[in-house]
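Remarks on the structure that follows.
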Amino acid sequence: MSLEALDAVVWDGLETGHPLDSVEEVPRALRKLARAGAHATEEDCYPLYSLVTRDGCETPSAAAVALPFVVALAADPAMGARVPLVELLTHIQAPALADEDWTGARALLADPEPAVRRAAVPLADGVAGLLEVWRVETDPAVRLAVLLALGEAASDPRTDQEAVTAARAVLADVLGGDDPVMWVAAVHASAGPEPGSAALHLDRLVEVFSDLAVRPRFEEAWFVPSVEDPCTREIVLWWIARLFEHAPEVQLSFLTRLIEAAGRTGDALLCREAMDLAWQLLLERRSVGGTLLPLAGRLLDDPDGAVRYRAANMLAATGLAAAPYADRLAELLDDGGTDEFLDGTAGEVARWALTRIGDPRALPGLVERLRAQEEEPGRGYATADPRRPEIKDVLIPLRAHADVLVPAIGEAIREGGARGGATRGFVEVLAAWEEDALPALPDLLPLLDDTWTSIGVLHVLRALGPAAASAEPALRTCQVLDHPGNHWSVTWTTACIVGDRAATLRLVGDAVLAAEDPAFGPFGALAEFGREAAPFAERVRSIMENSTHWTRLTAAATLWSITGQAGPTIRVLEEFVLPIADGGDTFGSFHDALQALIRIGGISPAVRTALLRVRRSDHRLSRLEGYERILQDEQIRTLIDQALTCPDLNPDEASPAVR
């Protein structure tokens, strides 16, 4: 690159990719690269990326002026960062620069270095340019990149029909060839213009991916732009599996056949990857559980610990349906099998699976293990991946075993203290268990002295009610966060445990009336008092009529509790139920609306029709990630079944109380 030519450019008035970056930084970055020469690195190119590109926006004007200099640097055989510079050229391609001279850039497609040619594939002049490269290129990695680019061009609606036909002809030719990796690339590329075509090749796809001799060949040829390392067979498998997202039955067949083939050859890597894909499918679709359940049951005996971990996780997520495998799961309780990228061991996940089944063999040592899990230093996980569950998700469903578990929880709270990693999780469980948590009361009271746990303990005390009257002296010195709402919460809790119902109602009602913003008052607590809260009915009605989202839903349910008039409440609840049947995804509000309808004891014909449609859906009724999506789906479907047992009510006629 000529530094003299660079010095002669007038940069004044040109724009960079970021308004805070001076245009003078562009020649400075180019000059630095030129001087670095063979010692230039990818990091030296980073400043140019931010200066001459702009994600999602119009290409900055400085890019056109910088273009010939970037091309010159990329074409220099002595330059140490040629590939990053070629990739920069692909980033600044845009209609705004269509009139610039790209001849030098496209000449890189014939460069002696295969890595440079591969990076330059996006610079080819449409299908015609790609076909020209295809005819002369011999390097497998470059040919594969060209093949994928032809697939993209053939699926682009802007490509003329003649070019599409020519691109498809190349793809068809490769599909008839013998090279397995190139053939997989052709399957992937063909799915762009023909989305259903991949399903026609299911048998050979299983054969290629399960062939151990083919595995290393993926890394020899399959590269993607802007990624230095080659793609492994496992990475490519994810891309191929996504081609079947529109056909879950085909995707399920593909994955189960791969898992079975991996078992025959002892290919643990393939089995793990296929199981991870199957896990994602299980998170999306309920129906796949029937197929995956027996497969996971057999894999509990797999020699690979990471496979056993995944198998136990699938069974745990499936819940009661995994009961036939309870004995084998119990044998795995001490299994240390794990995966370096996943959270926990096969034994820990097997214990969770037993709790989901309701098997008492999971109980000994359960609380201690949950505490140890939460206190692990540096524990990390991705919420969508298989992982150990949260304390509340394990213990709250085990309320029937509270007599065994509460003493262990109390001991864990004593030992861990207010700042223990698991303490707040245990407190949340005790609040959900209500009166069954009473034996833990002495262990909870010291937690009132710490702001980290005091608010959670207040929830437990209110759930216990008068049974927790002995806690009143401790409440007087309770340490809460310095917020008026929290101080009021102490007063409310005191009234609840003293058992003065009238005083508690006055306290809650006055707080509702005094709230500067009615939506932030404790109006939902009035539902506990039913008709006794009648003096506050109009306030609650006003909140319902002048709010949206959760506030409107809660006010509607509370209003029914106070007035006993179902009609106004059901009309509001319909707003949170009916959209789900049309593809809505506000599942949290849907869950709460269903609970309210069940308490009312009747549903409208419109709600019944919507619920019948929703119940038929194979999709999970949740937007959560990982196992929590399955749990929420189970909870909502249980509520749907309960709601459908209720009689029909016409909201316009449902004035009398329905209880």
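Restricting to the range 449-477, what's the tally of residues that are within 19 Å of Gly499 (Cβ to Cβ), surrounded by 15 or more Cβ atoms within 10 Å (Cβ to Cβ) and not β-branched (Val, Ile, Thr)?
Step one: filter the range 449-477 for residues within 19 Å of Gly499 (Cβ to Cβ), giving 457-476.
Cutting the leftovers down to surrounded by 15 or more Cβ atoms within 10 Å (Cβ to Cβ) gives us 457-465, 467-468, 471, 474-475.
Imposing the further condition that a residue be not β-branched (Val, Ile, Thr) reduces the set to 458-459, 461-465, 467-468, 471, 474-475.
Residues that pass the stated criteria total 12.
Yes or no, residue by residue, for (1) in contact with a strand residue (DSSP E or B) (Cβ under 7 Å, 6 or more places away or on another chain); (2) within 22 Å of Ser226 (Cβ to Cβ); (3) surrounded by fewer than 18 Cβ atoms within 10 Å (Cβ to Cβ):
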{"site": "Glu4", "(1), (2), (3)": "no, no, yes"}
{"site": "Ala29", "(1), (2), (3)": "no, yes, no"}
{"site": "Ala36", "(1), (2), (3)": "no, yes, yes"}
{"site": "Cys45", "(1), (2), (3)": "no, yes, no"}
{"site": "Ser50", "(1), (2), (3)": "no, yes, yes"}
{"site": "Cys57", "(1), (2), (3)": "no, yes, yes"}
{"site": "Val70", "(1), (2), (3)": "no, yes, no"}
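Taking the range 528-553 as the search range and keeping residues that are among the charged types (D, E, K, R) and more than 18 Å from Thr586 (Cβ to Cβ), which one is surrounded by the most Cβ atoms within 10 Å (Cβ to Cβ)?
Pass one, the range 528-553, residues among the charged types (D, E, K, R): 528, 531-532, 538-539, 541, 545, 552.
Then keep just the ones that are more than 18 Å from Thr586 (Cβ to Cβ); that gives 528, 531-532, 538-539, 541, 545.
Values: Glu528: 16, Arg531: 11, Glu532: 14, Glu538: 11, Arg539: 21, Arg541: 17, Glu545: 13.
Ranking the qualifying residues of the range 528-553, first place goes to Arg539.
Report, by residue number, each residue of the range 609-637 that is basic (Lys, Arg) and either surrounded by fewer than 17 Cβ atoms within 10 Å (Cβ to Cβ) or without any contact (Cβ under 8 Å) to a residue 40 or more places away in the chain (or both).
Passing the criteria: Arg613, Arg615, Arg616, Arg623, Arg637.
Going by what's in this entry, would Leu293 be described as surrounded by 17 or more Cβ atoms within 10 Å (Cβ to Cβ) and in contact with a Phe, Trp or Tyr (Cβ under 7 Å, 6 or more places away or on another chain)? Give the derivation first.
Numbers: surrounded by 17 or more Cβ atoms within 10 Å (Cβ to Cβ): yes; in contact with a Phe, Trp or Tyr (Cβ under 7 Å, 6 or more places away or on another chain): no.
In short, no.
Based on this model, can you work out whether Leu200 counts as within 32 Å of the chain's Cα centre (by Cα) and either open to solvent by 20 Å² or more (accessible area, probe 1.4 Å) or small (Gly, Ala, Ser) (or both)? Show your work before the answer.
On the way: within 32 Å of the chain's Cα centre (by Cα): yes; either open to solvent by 20 Å² or more (accessible area, probe 1.4 Å) or small (Gly, Ala, Ser) (or both): yes.
Taking the combined requirement at face value, the residue satisfies it.
Based on what the data block shows, is Arg106 free of Cβ contacts under 8 Å to residues at least 60 places away in the same chain, farther than 24 Å from Glu228 by Cβ and of a type in the set (Lys, Arg)? Lay out the reasoning, then the answer.
Numbers: free of Cβ contacts under 8 Å to residues at least 60 places away in the same chain: yes; farther than 24 Å from Glu228 by Cβ: no; of a type in the set (Lys, Arg): yes.
No; evaluated as a whole, the condition is false for this residue.
Any idea which of Leu573, Leu559, Leu631 is closer than 27 Å to Asn313 by Cα and aliphatic (A, V, I, L, M)?
Working: Leu573 fails: closer than 27 Å to Asn313 by Cα; Leu559 fails: closer than 27 Å to Asn313 by Cα.
Every option except Leu631 fails the conditions.
Give me the helices (runs of 4 or more DSSP H) completely within the range 188-296, filtered to those with at least 3 residues that are closer than 19 Å to Glu152 by Cβ and free of Cβ contacts under 8 Å to residues at least 40 places away in the same chain, ordered by residue number. Even if it seems obvious, please write down each step before you answer.
On the way: elements: 202-209, 215-221, 233-242, 248-265, 268-284.
Answer list for the range 188-296: 233-242.
Residues Pro112, Pro122: which one is in a helix (DSSP H, G or I), within 28 Å of Ala74 (Cβ to Cβ) and open to solvent by 30 Å² or more (accessible area, probe 1.4 Å)? First the steps, then the outcome.
Details: Pro112 fails: in a helix (DSSP H, G or I).
Being in a helix (DSSP H, G or I), within 28 Å of Ala74 (Cβ to Cβ) and open to solvent by 30 Å² or more (accessible area, probe 1.4 Å) holds for just one of Pro112, Pro122, which is Pro122.
Within the range 212-226, is there a residue that is open to solvent by 30 Å² or more (accessible area, probe 1.4 Å), acidic (Asp, Glu) and under 28 Å from Ala78 (Cα atoms)?
The initial filter retains those residues of the range 212-226 that are open to solvent by 30 Å² or more (accessible area, probe 1.4 Å), namely 212-213, 215-217, 219-220, 223-226.
Within this subset, residues satisfying the condition of being acidic (Asp, Glu) are 219-220.
Remaining after also requiring under 28 Å from Ala78 (Cα atoms): 219-220.
So far as the range 212-226 goes, yes, one or more of its residues are open to solvent by 30 Å² or more (accessible area, probe 1.4 Å), acidic (Asp, Glu) and under 28 Å from Ala78 (Cα atoms).
Among the numbered criteria (1) open to solvent by less than 20 Å² (accessible area, probe 1.4 Å); (2) modelled with pLDDT under 95; (3) not β-branched (Val, Ile, Thr), which one does Ala326 miss?
(2)
Being in contact with a strand residue (DSSP E or B) (Cβ under 9 Å, 6 or more places away or on another chain) and without any contact (Cβ under 8 Å) to a residue 40 or more places away in the chain is true for just one of Leu578, Leu573. Which residue is that? Steps first, please.
Numbers: Leu578 fails: in contact with a strand residue (DSSP E or B) (Cβ under 9 Å, 6 or more places away or on another chain).
Going through Leu578, Leu573 in turn, the sole match is Leu573.
The values are calculated or read from the model by the stated rules, or taken from the named source; none is laboratory data. Predicted, not measured: the structure shown is a model, and the values here were computed from it. No Cβ is skipped: glycine too gets one built from the backbone with ideal geometry, and neighbour counts run over all protein chains shown. Calculation scope for accessible area: heavy atoms of the full protein, side chains included, ligands and nucleic acids excluded. Shrake-Rupley method; radii C 1.70, N 1.55, O 1.52, S 1.80 Å.
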